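First up is the structure itself, then whatever we jot down about it.
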Amino acid sequence: MKNIDHWIGGARVAPGSGAYFDDLNPVDDSLYAMVAAGTSDDVNSAVEAGVAAFRMHRNLPAAVREGWMFKAAEIMERDVAKFQEVLIDEVGSPVAKAGFETRFAIGFLRAAAGVPRRVRGETIPSDTPGRFSMSLRQAVGVVAGITPFNVPLIKGIKQSAMALATGNAFVLLPSEAAPRLADLLADLWREAGVPDGLFNIVYGNGAEIGDALTGHANVAAITFTGSSRVGKHIAGIAARNLKKYTLELGGKSPLIVCADADLEKAVGAALFSIFMFQGQVCMGASRIYVERSIFDDFAKAFAAAASKAKMGDLREPTTMLGPIISERQRDRVRSHVDDARAKGAEVLAGAEWTGNCCSATVLRGVTADMTVYYEETFGPVTSLYPFDTLEEAIELANDTEYGLSASIFTRDLDKALRFAHEAESGMVHINAPTLHDEPHVPFGGTKASGFGREGTEADLEIMTEWKWVTIQSATANPSGH
Ligand code: NAD
């Protein structure tokens, strides 16, 4: 049994409380690790370690930070099997999803290696004769990162790599369901050469100790990925304390299939968009709108494909669906489907449980009074809706508090571009799944799906700040004459 302690100031540190909590393997809820149950004192120690390390290392050359990123990519490539094993056993990732996460993380580290040399400012024309005026971008100090359970490696790497690449110290509060994966990051950054104290981890129940981190006077910026509920709470704390923040939150992403679309391609993309990692993906296409003339054909083909989506053995490369992360989440999935059924929705495929796994579930006849219509299920459940015109499809797609990703399948460029302009979402993909991410794009959502964007460009906004510096001659007449 693995015991996981905090990682503070370059050392594993037992929790002040002496208490540990259980980290379970979602396949059978067996005990996977015992994890330090942090307190606000532990959070304070981690932030203090970050402040001290930031002061000591803030002037390291860009080339050194660049080296950490390349080295970390190399190490992760060498240890890829170790990372994938933890993603499989700790959060129930099918190996295909675990492979996607490790590939993305390695790619992100390489992209982040380009960041340290781009933390730069400008020279600015001055209204005052003789004045040399410039702007500098400076690291903010300590960045706090909070990750969700579903993509703990992608988010743990995105957040920490950008904080370190831009010259900050970092404190991670990982999901209670993915602490062992976070623990691998401690060894990764240490071996990559990051000095003690620049990367810290404190474990514990986010609801109990999260505010101690996000509200800490020495935390300058917060990067959070998780539910909209917790995101809104964090935004309140950040606003009251004038901290910079980025929120990557939930979604109810629409996928639109027009009558002129390549049906086979649309079915395949829809399948991947909602059932990859058993629907536990923020960009999951949990609403599929299909033009009425092809609705029945699409529904038949999609339900047939969903029925064949493989569930179970996580180490089998073709498995798409694994276990739902926790009993609370399983209840949520069950209650959404039961409620829809009770109110008259038809189940075209799925809704069958094998242990902690729910099969790929397709609903039709879902109406606005059903919970699944508006709420994020975060499970392998999607609903099919017919539409008659593009205007109607856009209106339906936008009828949600969320706005993360959206897709449209059509061969008509005018329709595609109109949708791209009018979809109320942070990301739009034409003839492609709703699930997509690349290191350097402005990733994120609008409305209740987020605030700000993340990526190797966008993160500079919260992880650095501008300083205006002027130089004037020490001897010349201040008027410049
Ligand atoms: P969650 O909001 O329950 O938890 C996320 C993290 O927040 C956990 O580490 C938790 O400990 C912590 N937390 C809880 N209360 C806190 C507080 N008061 N202060 C600070 N931290 C606190 O989310 P989850 O169930 O782990 O993840 C699923 C959610 O995340 C879904 O809504 C999903 O759509 C979203 N998500 C979004 C993205 C994105 O990029 N937009 C990516 C992945 C997941």
Query raised in the report: Over region 197-292, what is the mean sequence separation of C-alpha contacts under 8 Å (at least six apart), divided by residue count, expressed as relative contact order in percent?
Result: 25
Report task. Measure out, as a whole number of angstrom, how far apart the alpha-carbon centroids of region 281-328 and region 118-185 sit. Result -> 36
Report summary line: Taking Cα atoms only, helix 62-78 is inclined relative to the longest principal axis of the chain by an angle, in degrees rounded to 10, of 40
Query raised in the report: Could you state the per residue volume, in Å³, of the convex hull enclosing the Cα atoms of region 1-132?
Result: 179
Report task. Return the distance in nm (one decimal) between the two label points of a simple spin-label model at Trp466 and Ser135, each offset 7 Å from Cα along Cα→Cβ. Result -> 0.3
Query raised in the report: Roughly how tilted is helix 179-192, in degrees to the nearest 10 and between 0 and 90, from the longest Cα axis of the chain?
Result: 40
Report summary line: Given a 1.4 Å probe, the accessible area of the chain per residue, as a whole number of Å², is 40
Report summary line: DSSP beta bridges in region 254-430: the antiparallel percent, rounded to 5, is 20
Report summary line: Computed Rg/Rh for region 360-464 (Cα atoms; Rh = Kirkwood radius) stands at 1.00
Requested in this report: Would you please state which residues of region 333-349 a label at Asp369 would reach in this model, taking the label point 7 Å out along Cα→Cβ and a backbone N cut-off of under 11 Å?
Outcome: 343-344
Query - Solvent-accessible surface (1.4 angstrom probe) belonging to Thr102, in square angstrom, nearest 10 - result: 0
Query raised in the report: For region 294-422, which whole-number percentage of the solvent-accessible area (1.4 Å probe, protein heavy atoms only) is attributable to carbon and sulfur atoms?
Result: 50
Query raised in the report: In nm, to one decimal, how far is the Arg315 label point from the Thr128 one, both placed 7 Å along Cα→Cβ?
Result: 6.9
Query raised in the report: Can you give the relative contact order of region 254-430 as a percent, counting alpha carbon pairs under 8 Å and 6+ residues apart?
Result: 28
Report task. At 1.4 Å probe size, with no ligands or nucleic acids counted, give the accessible surface of Arg332 in Å², nearest ten. Result -> 80
Report task. Calculate the translational D of the chain in whole µm² s⁻¹ from Stokes-Einstein, where the hydrodynamic radius comes from the Kirkwood formula applied to all Cα pairs, the temperature is 25 °C and the viscosity 0.890 mPa s. Result -> 105
Requested in this report: Go through 57-67, 321-331, 18-28, 163-173 and give me the packing order, highest mean Cβ count within 10 Å leading.
Outcome: 163-173, 321-331, 18-28, 57-67
Report summary line: Expected vector for region 108-115, Karplus 3J(HN,Hα) from phi with 6.51, -1.76, 1.60 and θ = phi - 60°, integer Hz, x for Gly and Pro, equals 5, 4, 5, 5, 5, 5, x, 6
Report summary line: Most packed first (mean Cβ within 10 Å per residue), the peptides 452-459, 299-306, 130-137 order as 452-459, 299-306, 130-137
Report task. For region 49-175, with all protein chains present and a 1.4 Å probe, just round the carbon and sulfur fraction of the accessible area to a whole percent. Result -> 55
Query raised in the report: How many nm separate the modelled label positions at Arg120 and Asp412, each set 7 Å beyond the Cα in the direction of the Cβ?
Result: 4.7
Query raised in the report: Taking Rh as the Kirkwood radius, which is the inverse of the mean 1/r over Cα pairs, what is the Rg/Rh value for region 201-298?
Result: 1.20
Query raised in the report: If you stretched the chain out fully between Asp187 and Arg328, how much longer would it get, using 0.36 nm times the residue separation minus the C-alpha to C-alpha distance?
Result: 47.6 nm
Query - Enclosed volume per residue, in Å³, of the convex hull spanned by Cα atoms of region 254-430 - result: 107
Query raised in the report: Angle, helix 40-57 long axis vs. longest principal axis of the chain, Cα atoms, 0 to 90°, nearest 10?
Result: 50
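The values are calculated or read from the model by the stated rules, or taken from the named source; none is laboratory data. Just so it is clear, the structure is predicted and the values come from calculations on it, not from any experiment. Cβ coordinates were reconstructed from backbone atoms using ideal geometry, including for glycine residues, and neighbour counts include every protein chain displayed. Accessible surface is based on the protein model in full, side chains and every heavy atom, while ligands, DNA and RNA are left aside. Shrake-Rupley method; radii C 1.70, N 1.55, O 1.52, S 1.80 Å.
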